[in-house]
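Note sheet for the following structure.
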Amino acid sequence: MKRDLAGKMTSVLPPKIVRLIALIGEKARDGGSRAYLTGGFVRDLVMGRANKDVDIMVERDAIGFAEQMACVLNASIAVYPRFGTATLFLPPIGSRGTGGLRVDLTTARRETYKKPAVLPDVAEGDIKDDLFRRDFTINAMAVSISPGEFGALVDPYGGERDIGKKIIRVLHPGSFIDDPTRIFRAVRFEQRLGFKIETGTKRLIRTAVREKMFDKISGERLRNELVAVMNEKYPERCFSRMSQLDEIRFISPGMKLVPDCARVAGQIRKDHAWYAVAFPEEDHPGLWIAYLMLFMSGLTSRAAERALKRLIFSKDVTAKVMAQKSVPRKEIELLGSGRLTAAGIYDILKPLPVEAVLFLYSSAGGTQARKYIRAYLRKYRYVVTETDGNALHELGVRPGPFMGKLLREILRRKLEGKAPTKERELGLVRDILSGRERI
Ligand code: CTP
């Protein structure tokens, strides 16, 4: 007898989402096609969890069907004709209570991989073909949403059994050759779900790593995988498992994680949460960039730069990571020393993007550096002089290096609380110009 998940759907998912799914199933039937939930949505459903990304497979013409559903649901749509897929984005405040939901629609397909690691050729197939091209048994299940069989589980490769056994298993030995990004996905699901990669699958990963299969993946796809790891709740667990399986050599041969990686990752989470509350008016720096900095901590600047280039990270991300890596060891020691003035702290931290400052904060070993960095974030970074070049010009100072030196001196005194008002700033300038004060 077929396993029926209709009850589970109603207990796990909000009623409005169940109704939406049923409506999609009905509309597909009206167009002569059967429809199924697939992928992570089904995995999570079988595990009793809700997932906000609804993956639906229809037997024919997902794009045409998605266009029709976009009108019915008042959703925006993105189409990908090369893959025969489309995504519906339900309006943020949906009248059906489905706001913010994302529905991916695909046509059932059979994939053939002409060459390892490149995107496959795609042809129409049936549900079993479609499930067979997938990464792991736990992700290769479907649930029918067609009227008359709504809720019936399709599980030809033992996904539910493997969820029970808490294992990550590929469907066939060629899986990592077809798509080496699965080397990383295996670790990601294992760590997220608290499962174990099954022994045979682990052996296949080791072989794929030994044969450097990841060299065949485009930089963009590799980067997306790494970012997906960093968007996990506990990326350091993935880092550590990737390191154990020798996977991180794709970044740089011989790369090692820093020994206090797990501690720093925990600190990063706390510090980012603190920052969001302490500075609600500031942009909130992405948590994943902090994890990227952590991941790359063990690399030299040159190796990090090479890796960022290979992974085609944007100029902005590259500049932020490289700024953090280029802080001289001497300055990091100074931050921990207790011997810095406000101006000294400012000089070290001001040239850095806030992401790098926050990373220094989280990775600092001692309380002194954290105290300095907190003072910088709370106070010093906002300090600006009220006197500018024009004001100095009026006092007879000509533009040039001396003017720059004078402005820096005013800022220094201001950081130390010695020139709190515009009058005091100008008084200081007069004292310097008349020789009563030296700089
Ligand atoms: N898939 C695959 N091989 C890949 C990527 C995806 O077989 N390299 C299949 C899997 O069946 C997966 C589905 O496509 O379940 C959807 O992919 P994705 O959205 O990346 O993963 P999810 O399983 O939905 O996981 P998440 O919860 O992280 O979104």
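Within segment 340-439, list the trypsin sites (Lys or Arg not before Pro) lying in a DSSP loop whose Cβ has at most 16 other Cβ atoms in a 10 Å radius.
Here the sparse-neighbourhood loop sites are 379, 418, 436, 438.
Each residue of segment 406-413 was assigned a 3J(HN,Hα) from its phi angle through the Karplus expression (A = 6.51, B = -1.76, C = 1.60, θ = phi - 60°), giving 5, 4, 5, 5, 4, 4, 4, 5 Hz with x at Gly and Pro. The alpha carbon centroids of segment 291-315 and segment 16-35 are separated by 45 Å.
Quick note on the chain: its Rg to Rh ratio, both from C-alpha atoms and Rh being the Kirkwood radius, is 1.11.
On a 0 to 90° scale, report how tilted helix 301-310 is relative to the longest principal axis of the chain, with both axes built from alpha carbons and the result rounded to the nearest 10. Taking the Cα atoms of the chain, the angle to 301-310 is about 40 degrees. The angle between the Cα long axis of helix 199-210 and the main principal axis of the chain comes to about 50°, on a 0 to 90 degree scale. Remark: relative contact order (segment 164-318) = 23 percent; criterion is Cα-Cα distance under 8 angstrom and separation of 6 or more residues.
The simple Förster model, with R0 at 25 Å and r as the Cβ-Cβ distance, assigns residue 165 and residue 234 a FRET efficiency of 0.65. Each peptide in 57-65, 70-78, 265-273 was scored by the mean count of other Cβ atoms within 10 Å over its residues; highest first, the order is 57-65, 265-273, 70-78.
Taking the DSSP bridge list for the chain and keeping only pairs wholly inside it, about 75 percent are antiparallel. Just check segment 308-437 against the gyration tensor rule for me: Cα atoms, a ≥ b ≥ c as the square roots of the eigenvalues, rounded for a/c under 1.5, and otherwise prolate or oblate depending on whether a/b exceeds b/c. Verdict is prolate for segment 308-437. Computed from label points 7 Å out along Cα-Cβ, the spacing between residue 11 and residue 260 is 4.6 nm. The helix-based estimate of mean residue ellipticity at 222 nm for the chain, built from -39,500 (n - 2.57) per DSSP H run of four or more residues and divided by its residue count, is -15000 deg cm²/dmol to the nearest 500. Comparing 296, 141, 403 in a Gaussian network model of the chain (Cα springs below 10 Å), the most mobile by mean-square fluctuation is 403. Between 0 and 90 degrees, the angle of helix 367-378 with respect to the longest Cα principal axis of the chain falls at about 90 degrees. A simple spin-label model places pseudo-atoms 7 Å from Cα toward Cβ; at residue 315 and residue 60 they are separated by 4.9 nm. Relative contact order for segment 122-186: 30 percent, from Cα pairs under 8 Å spaced at least 6 residues apart, divided by residue count.
Under the criterion of Cα pairs below 8 Å and six or more residues apart, the relative contact order for the chain equals 9 percent.
Note on residue 3 and residue 393: the model spin-label points, each 7 Å out from Cα along the C-beta direction, lie 7.7 nm apart.
Give me the net charge for the shell around residue 322: Cβ to Cβ below 14 angstrom, other residues only, Lys and Arg +1, Asp and Glu -1. Once all neighbours under 14 Å are counted, the net charge is +3.
Bear in mind that the values in this text are calculations on the coordinates, not laboratory data. Only a predicted model underlies this, so the values are computations on that prediction, with no experimental measurement involved. Note: ideal-geometry Cβ built from the backbone for every residue, glycine included; neighbour counts use all protein chains shown.
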